[in-house]
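Contents: one structure, followed by commentary.
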Amino acid sequence: MTSSTRGLRRYQAPIWDEPLIMEISRAGRRGQHFPAAEPAVRKAVGDAASLIPAAARRRARPELPEVSEPDVLRHYLHLSQETLGMIGISLFGTCTMKYNPRVNELLAARHELAQLHPQQDPSTMQGMLEIVHNFDLLLRKLSGMDQFLFQAAGGADAAYTHACVTRAYHRARGELDRRTQIITSIQAHPCNPATADAAGFEVITLNLGEKGYPSLDALKAAVSDRTAALMINNPDDMGIYNPEIAEWVRIVHEAGGLCFYDHANFNGVMTKIRARDLGFDACMFMLHKTFGVPKGGGGPAVGAYGCSEALKPFLPGPLVTEDHGVYSLTDPGPDSAGKVREYLGNLQQVAKAYAWTRAMGFDGLAEACDISVLINNYMEKELLNIRGVTRSHPDIPGWRMEMTRYSLEQLYEDTGVTVFDVVNRFTDFGIDALWLAHEPWILPHPFTPEVGEMWSIEDVDYWMAVLKQISDEAYSNPEIVQKAPHNATVAAIKPETLEDPEKWAMTWRAYKRKFGAHAA
Amino acid sequence: MAETARRAHPFMPNSVPEIKQQLLDALGVDSVEALFEQIPDAHRLKDTVDFPPALSSEVELRRHMLDLLSRNRSCEDNLSFLGGGIWQHHVPAVCTEIMGRSEFLTPVWGTPSSDHGRNQAWFEFCSQLGELVGAEMIGMPVYSWGCAVGHAIRMAARITGRSKVLLPRVLDPERRAVIDSYCEPPEMPSHIEIVEFAIDPKTGLVDLTDLEARLGAGDVAAVYFETPSWLGMIETGAEQIVELARKAGAQSIAGVDPISLGVLAAPGDYGADLIVGSTQPLGIPMSCGGGVGGFIASRDEPRYAYEYPTLMLSIAHTQREGERGFSMTLMHQSSYGSREEGKDWTGNSTYLHAIAGAVYMSLLGPEGFQELGELIVQRAHYAARLLGDINGVRIPYPTGFFKEFVVNFDDTGKSVAEINAALLERGIFGGIDLSGHFPELGASALYCVTEVHNEADLRRLADTLKEVCKQ
């Protein structure tokens, strides 16, 4: 497909037709040796088979591939090349795509961090604990909270942490059996209602009011003596900031509930507001989003959970504490929520986040926030000039925060081209998939770009030029868009087999049973 | 500082003053402040925040981090026998190389077409792990082994409509604390009651008589057991445990260390309904606990498939004749698809580690896993023999373990804490102290031996312990 006269670059994803690693197996090949046990060891204990009870021995060897080391390396290099992977431009909204400094990767890979066992004596990991504590202090300054915990292995896990802390808090007060409800909004990330439910609470979801956020009346109607907590983000993914949020917190507190600020969208308010100043009891930062830690295609991640002094006794443990320059692991006490995950958290990621934050400094964080909001509004102005694009809440005037949600409903009505088609067509230009919207979409055919501070104005202009090109194609020759992608590694998936228990296959062994080894 | 503050920041291409001005001009505003109009003035942070100075130069930042990291003593420059839930295994260099590839390291999601390679790598992870554990269905990984157990128990409760789970009395306290959270406090209407079954103190294995008695009422959703157990014991009664659970209408959940499965029976082969375990041994460094990851596996049956809380990846056909791809399926039952109506929840997990795991399993292959398993089991038993020969030191379960074993110091008159402190002075991290959580085991520690420990290391441990115990 040509890229027209708009000066767009040509792009073609690498195609290796890479077989599965299982398919390049050749009996007898080896990719890794282990030594035989030393003679003295063998002499003392005999062969391994004699040491394994007969009932527990493996009978048939696993059907793993047999591949030599260079071929394993080349296979996975090919697979990495068959992954667009943010090498182009990724404005994946709600995920706050950032540069992940490579120096931090090199530091975290050093044995002084990578080869630490979490149950070493604390005296042997004072540097690690100091990093954790120092970063805790930085996040306290950014949030006004009194203690941070890094045990949660992602943003959703931090939301779950809050649900567990809420249980522990009301349990200690003897009210857990009647504090059964958690309130959230339709624009909160799905992990908030989902973790509240998985922790045993009933979920009340508030719908949006006329101003783009749920009304105070809706909140008041939902709050009662059964309210355990509020779990809310602000601004939301449409770029709307709820200016009544402090009043929300007051109302929920008055009813005896706790207030949790999901800072998924922190880039738009970073250094401008602090959760504790607004009255919140707890908040969460995603280090793999806002704080420069790589996403790894879905973790390892960190949901840094911060809370007020009053909630500290209910935190999962242990906490990293400091006394006269000595760092220790401290149990929060008998009312602790226990654990949401083993050990202290993904500390290699905490170290990277600490290093990123130090590299930015406070002024750098403030500037990143400014740039994020500035470029989002710049982009919005331009995007609304593209045919078929409309903005969420078109009747609510004013500047948006760091992210705005748009709709391609008009484009779809006019041309029959769906937002999925547009996403696929984007990748033909070497641009990573767009984020549409979390469930529920609220807007038909949504998309939610977020620029943040990493992408240059040239990148953003280019991204918009591609959307303009796709819009033009939709109105002139929709088939180009509907049959996309043309330049990706493989064509679009046929979804029919995916939901069919007779045809889905989550493993190669399932596939072979259902289709035979050589079926395409 | 004023001078340097005007420099564009290396991470921010738009931090050039002229570019910021260009953006402001495009919006027709004088100052970026105007764009924050939605935030009420009363909400704004007015205090000066006392932040340490920026280290925007890589050379200075690196030095600062090295100063901090140099205060750690790692398992590489000491001799460590810590295990329990995260282990010091060899990480092949190719795992590190592939995990560091930018295409895998930094992005979030693409489409099945744009991110075909990564989806294939994930499929290869699930497929190879499926071969090791003997299962046709594997969900995308979860945060940790403990989280995998928690989700599997909740799956079993939904499948059976029952709300009681049986756990071994002796279980990693870290893992157990996570399971407790997932089973919810008694005040919650969806609480899952935890009942412990006994471990036979003579053998260290599951007490089948006690287990059978606790299954008697027919109200148990799941029996969870591990092999090797937390104390390292290879569970010879696994088949009977699975059978007892089945007879009682309960689901059996087997917890395994995948690195043992070159030599130990695959749980799928002895009929375990759900299989969980850690992904960390498969090419991931410990990183002070940041290396953990977990998996959930089962038979490929709809009643299991429809209860997975994880994302599920399936092979699929593409629109191009004869071409295959890989795509997420069953999204509607995840929390992304159905919020609180979804199964538990999912989110960012440990997916980068799955790629390293795929590399690891294909490097080892069937022969590598067998060699590795044999080496570990021999060296671990050798270590146990050496330590058992020391005066006052006893190995309560001298055979039938994999890489971990219990070492008892009762007759030395010393506590594990005292012994570990003395070892530490000599550059050795002794085993995990069991005496706090499991007083019935006396002054005992859990020692872990893997392929990284050679004969000389084990002799050094024995010689040092001999010296320490005598003092």
*Tell me, what is the Rg over Rh of the stretch A:222-304, with Rh the Kirkwood radius over Cα pairs?*
1.02
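Can you give the accessible area per residue of the stretch B:93-360, in Å², using a 1.4 Å probe?
24 Å²
Using only the Cα atoms, work out Rg/Rh for chain B, with Rh taken as the Kirkwood radius, to two decimals.
Numbers: Rg = 26.1 Å, Rh = 25.1 Å.
Rg/Rh: 1.04.
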*Estimated translational D of the stretch B:331-450 in µm²/s (Stokes, Kirkwood radius over Cα pairs; 25 °C; 0.890 mPa s)*: 139 µm²/s
*For the protein assembly as shown, what is the mean residue ellipticity at 222 nm derived from helices alone (per DSSP H run of n ≥ 4: -39500 (n - 2.57); sum divided by total residues; nearest 500 deg cm²/dmol)?*
-11000 deg cm²/dmol
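Tell me, what is the per residue accessible area of the stretch A:360-489 in Å², probe radius 1.4 Å? Please report the intermediate quantities before stating the final value.
Numbers: 4030 Å² over 130 residues.
That works out to 31 Å² per residue.
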_Cα long-axis angle, helix B:116-133 against chain B (0 to 90 degrees, to the nearest 10)_ = 10 degrees
*Helix B:173-183: angle to the longest alpha-carbon principal axis of chain B, degrees 0 to 90, nearest 10?*
70 degrees
*asked:* Using only alpha-carbon positions, what ratio does the radius of gyration of the stretch B:79-224 give when scaled by 2.2 N^0.38 Å?
replied: 1.33
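Could you order peptides B:154-161, A:447-454 by the average number of other Cβ atoms within 10 Å of their residues, highest first?
On the way: B:154-161: 19.2, A:447-454: 25.8.
Top to bottom by mean Cβ count within 10 Å: A:447-454, B:154-161.
Calculate the all-directions average of the projected area of the stretch B:1-45's alpha-carbon convex hull, and give it in nm².
The orientation-averaged projected area of the Cα hull of the stretch B:1-45 comes to 4.5 nm².
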*All-pairs Cα distance distribution in the stretch A:360-489, expressed in whole percent, bin size 5 Å*: 2, 11, 20, 23, 19, 14, 7, 3, 1, 1
*Quick one: buried accessible area between A and B, total over both chains, 1.4 angstrom probe, nearest 100 Å²?*
18400 Å²
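How much length is gained if the chain between B:L66 and B:R7 is pulled fully straight, taking 0.36 nm per residue apart and subtracting their Cα-Cα distance, in nm to one decimal?
Values: separation 59, 0.36 × 59 = 21.24 nm, distance 2.54 nm.
Residue separation times 0.36 nm, minus the Cα-Cα distance, leaves 18.7 nm.
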_Can you tally the lysine pairs in the stretch A:142-345 where the Cα-Cα distance is under 23 Å and the two residues are eight or more apart, or on different chains?_
4
*Compute from the Cα atoms of the stretch A:142-345 the Rg and the Dmax, the latter being the longest Cα-Cα distance, and quote both in angstrom.*
16.1, 53
*From largest to smallest, what semi-axes in whole angstrom does the stretch B:116-168 give when each is the square root of 5 times an eigenvalue of its alpha carbon gyration tensor?*
27, 11, 11
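Looking at chain B, send over the antiparallel percent of its DSSP beta bridges, to the nearest 5.
Numbers: 24 of 42 bridges.
Of all bridge pairs located within chain B, approximately 55 percent are antiparallel.
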*Taking every pair of alpha-carbon atoms in the stretch B:1-143, give the share separated by more than 26 Å as a whole percent.*
62 percent
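Provide the percentage of antiparallel DSSP beta bridges, counting only those with both residues in the protein assembly as shown; round to the nearest 5.
Working: 46 of 81 bridges.
Around 55 percent antiparallel, to the nearest 5.
Starting from the Cα coordinates of the stretch A:110-208, work out the convex hull volume and express it per residue in Å³.
Details: hull volume 15.8 nm³, N = 99.
Spelled out: Cα convex hull of the stretch A:110-208, divided by residues, is 159 Å³.
Using only the Cα atoms, work out Rg/Rh for the stretch B:93-360, with Rh taken as the Kirkwood radius, to two decimals.
Details: Rg = 18.5 Å, Rh = 19.0 Å.
We get a ratio of 0.97 for the stretch B:93-360.
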_Average beta carbon contacts from partner chains per residue of A:35-45, 10 Å cutoff_ = 6
*With a Förster radius of 22 Å, plug the Cβ-Cβ distance of A:E105 and B:Q21 into 1/(1 + (r/R0)^6) and report the FRET value to the nearest 0.05.*
0.05
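If you take all C-alpha pairs in chain A, what percent of them are over 32 Å apart? Show your work: numbers first, answer last.
Numbers: 72227 of 134940 pairs.
The answer is 54 percent, as a whole percent.
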*Computed on alpha carbon atoms, what radius of gyration and Dmax characterise the stretch A:330-408, expressed in Å?*
20.5, 61
*With label points built 7 Å along Cα→Cβ from the Cα atoms of A:E202 and B:S31, find their separation and express it in nm.*
5.0 nm
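Determine, from the Cβ-Cβ distance of B:R158 and A:E254 and an R0 of 35 Å, the FRET efficiency 1/(1 + (r/R0)^6), rounded to the nearest 0.05.
0.40
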*Give me the angle, in degrees from 0 to 90, between the Cα long axis of helix B:416-425 and the longest principal axis of the Cα atoms of chain B, rounded to the nearest 10.*
60 degrees
*Fraction in percent of alpha-carbon pairs per bin - 20 Å, the protein assembly as shown*: 14, 47, 33, 6, 0
*Two-decimal log10 I(q)/I(0) for the stretch A:218-262, as the Debye equation yields it once each C-alpha is a single scatterer, q = 0.14, 0.33 Å⁻¹*: -0.32, -1.25
*Geometric extent, Cα atoms of the stretch B:206-260 - Rg, Dmax (angstrom)*: 11.2, 36
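The values are calculated or read from the model by the stated rules, or taken from the named source; none is laboratory data. Here the structure is a predicted model, which is why all the values come from computation and not from measurement. FYI the Cβ positions are ideal-geometry reconstructions off the backbone, even for glycines, and counts take in every protein chain you see. Protein only, heavy atoms only, side chains kept; ligands, DNA and RNA dropped before computing areas. Shrake-Rupley method; radii C 1.70, N 1.55, O 1.52, S 1.80 Å.
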